[in-house]
Amino acid sequence: MTETNLYKGYKGRALEVLKHFRAEVWSEVKITTTKGEYTGIILPRSQADDPLHIVLKLRSGYNIGIAAGSVTAVEIQGRKEAHYKIPEKEFPYDPKKPRVKLLGTGGTIASRLDYRTGEVIPAFSPGELYGSVPELADICNLETEKLFGVFSENMGPEQYIGTAQAIGREIEKGVHGIVIGHGTDTMHHTAAILSFMVQNSPIPIVMVGSQRSSDRPSSDAALNLMHSVKTAAESDIAEVMVCMFGPTSDIYGLLHRGTRVRKMHSSYRSTFRTIGDIPIAMVSRDKITPLRQDYKRRRNDKNVVINTAFEEKVSIVYYYPNMKPDIIDSLIDNGYRGIVIAGTGLGHVNKPLYPALKRAQDRKIAVYMTVQTLWGYVQMYVYDTGRDMMELGVIPGANMLPEVAYVKLAWVLGQTNDLDEVMKMMLTPIAGETTEREPSNGYLIFQGGVPEVEEFISKYRK
Ligand code: ASP
């Protein structure tokens, strides 16, 4: 075997350490470091990876990166080469089944590590998906299209517009439902903007991602995919939704309205939560159970309206005590046309910001208030601060989530400069982004218990 194959992808310090201890890619090793001992298999790396880490697949199935500089000893125990390849099988066609289109934008759900090469590659063609999740063929005829291949922090107006247009094209072609594979980190931004850009959809539009990639034992990718494809194919909910794990275990998934959902945990699989309301429905492998009735129903027409307006000069400002007015001033000086503030409590900022808010008002910049508590409404009539700010032109954004208010303001300012019109559009709900009231069970309820916590509490609650 050539040296490149023995050390596939390793370079720099990491390569030196491997050579020094005569360990190769696929060696089963016990690595002792200054921080502890790790036992596992040395995985290949891709050319783009950094030269400082050795990647080990632990017995638990998790991959970890070990800083090469911290390695003090490597004991070689054997060799285990993985030939990890998803079998490509032709996706069966059944004329009686609904047509579902899966549009890929990227994120963890679209990628897996190819253990032969060390590259992160998309697992995406219908054949590959069928090879890894054959249950999909029991539900629908699946077609796939990769729109983008980005981690979701790189999503932006270009991708929002491209996705909205692709949705329009697919509805025109007569598909029965659309699934959008997306990175989870900013899935709620995209779900919100698509809820505004795609009006009056006749079919379900289901966003899905995964917190753990499909090469990990605890991956949520397959189940999320099944749930989302089932929703797209069979549900009568014609809205933009996010479909992800409900509880931390794989008992069921939840369907969240695109404008009321938020990623709330950096690593749990049950990371998405409907905020200030209850989710639209639960979904399991065999059924979809609505939790409410006020959703838009599936129709047989193609009368979707795609409106891809987006003003990029809009920002969110997350207020913190002692914030200085220069933050707002710099937005004004840089030509921003809209600012969403995530204020404290009922929607407050400190007095030193007032002169900057006055400048924004004079320059006809649209300024909207939301709450950093996430749950609850902006209420600017309760304290003097709120009333003062309203005089300075700050408009209360009801219970719109900060990110939702941000994308809506960008969408609205993309259509008009008239601030009265902007206000009318901002405060008229068009996709459930503001609601009349928060139901008493809208505070975490119906969102899947945390089994670990339930178990812990049950020991004490006799
Ligand atoms: N960083 C990734 C992303 O949002 C995480 C994920 O896919 O879940 O694209």
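The values are calculated or read from the model by the stated rules, or taken from the named source; none is laboratory data. Just so it is clear, the model here is predicted, and its values are computed rather than measured. All Cβ positions, even for glycine, are placed from backbone atoms using ideal geometry, and neighbour counts span all protein chains on display.
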Condition first: surrounded by 18 or more Cβ atoms within 10 Å (Cβ to Cβ) and within 19 Å of the chain's Cα centre (by Cα). Now tell me which residues in region 122-141 satisfy that. ALA123, PHE124
Which pairs turn up if I take residues in region 121-141 that are over 25 Å from ILE288 (Cβ atoms) and modelled with pLDDT under 85 and look for partners that are buried (at least 20 other Cβ atoms within 10 Å of the Cβ) and among the aromatic types (Phe, Trp, Tyr) with beta carbon separation below 7 Å, at least 6 apart in sequence or on another chain? GLY127/PHE91
Would a scan of region 264-282 turn up a residue that is within 25 Å of ARG99 (Cβ to Cβ) and not in a strand (DSSP E or B)? yes
Filter result (surrounded by fewer than 23 Cβ atoms within 10 Å (Cβ to Cβ), within 16 Å of the ligand (Cβ to nearest atom) and among the hydroxyl-bearing types (Ser, Thr, Tyr)) within region 142-185: SER152
Scanning region 275-286 for residues that are within 26 Å of VAL133 (Cβ to Cβ) and out of contact with any helix residue (DSSP H, G or I) (no Cβ under 9 Å at 6 or more places or on another chain) gives PRO279, ILE280, MET282
Go through (1) at pLDDT 95 or above; (2) surrounded by 17 or more Cβ atoms within 10 Å (Cβ to Cβ) one by one and return the number of the condition PRO290 breaks. (2)
Of all residues being under 13 Å from THR271 (Cβ atoms) and out of contact with any His (no Cβ under 8 Å at 6 or more places or on another chain) in region 186-210, which is farthest from the ligand (Cβ to nearest atom)? Just the residue, please. HIS188
Just give me the residues in region 310-324 being in contact (Cβ under 8 Å) with a residue 60 or more places away in the chain and assigned to a strand (DSSP E or B), in sequence order. VAL314, SER315, ILE316, TYR318
Can you pull out the strands (runs of 3 or more DSSP E) entirely within region 150-256 that have at least 3 residues that are of a type in the set (Lys, Arg) and either in contact with a strand residue (DSSP E or B) (Cβ under 9 Å, 6 or more places away or on another chain) or at pLDDT below 95 (or both)? none
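Yes/no per residue for (1) exposed (fewer than 15 other Cβ atoms within 10 Å of the Cβ); (2) modelled with pLDDT of 80 or more; (3) among the small types (Gly, Ala, Ser); (4) within 16 Å of the ligand (Cβ to nearest atom):
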| site | (1), (2), (3), (4) |
| --- | --- |
| LEU43 | no, yes, no, no |
| GLN47 | yes, no, no, no |
| LEU56 | no, yes, no, no |
| GLY61 | yes, no, yes, no |
| THR72 | yes, yes, no, no |
| GLY78 | yes, yes, yes, no |
| GLU81 | yes, no, no, no |
| PRO87 | yes, no, no, no |
| SER111 | no, no, yes, yes |
Matching residues, region 212-238, being surrounded by 24 or more Cβ atoms within 10 Å (Cβ to Cβ), among the hydroxyl-bearing types (Ser, Thr, Tyr) and under 16 Å from the mean Cα position of the chain (by Cα): SER228
If a residue has to be surrounded by fewer than 21 Cβ atoms within 10 Å (Cβ to Cβ) and in contact (Cβ under 8 Å) with a residue 24 or more places away in the chain to count, how many in region 12-23 make the cut? 6
Does region 245-256 include one or more residues that are closer than 30 Å to LEU43 by Cβ, within 16 Å of the ligand (Cβ to nearest atom), in contact (Cβ under 8 Å) with a residue 60 or more places away in the chain and surrounded by fewer than 24 Cβ atoms within 10 Å (Cβ to Cβ)? yes
So, ALA410, is that one crowded, with 21+ Cβ neighbours inside 10 Å and assigned to a helix (DSSP H, G or I) or not? yes
Pick from region 332-389 the residues that are aromatic (Phe, Trp, Tyr) and either in contact with a Leu (Cβ under 9 Å, 6 or more places away or on another chain) or modelled with pLDDT under 95 (or both): which of them is surrounded by the most Cβ atoms within 10 Å (Cβ to Cβ)? TYR368
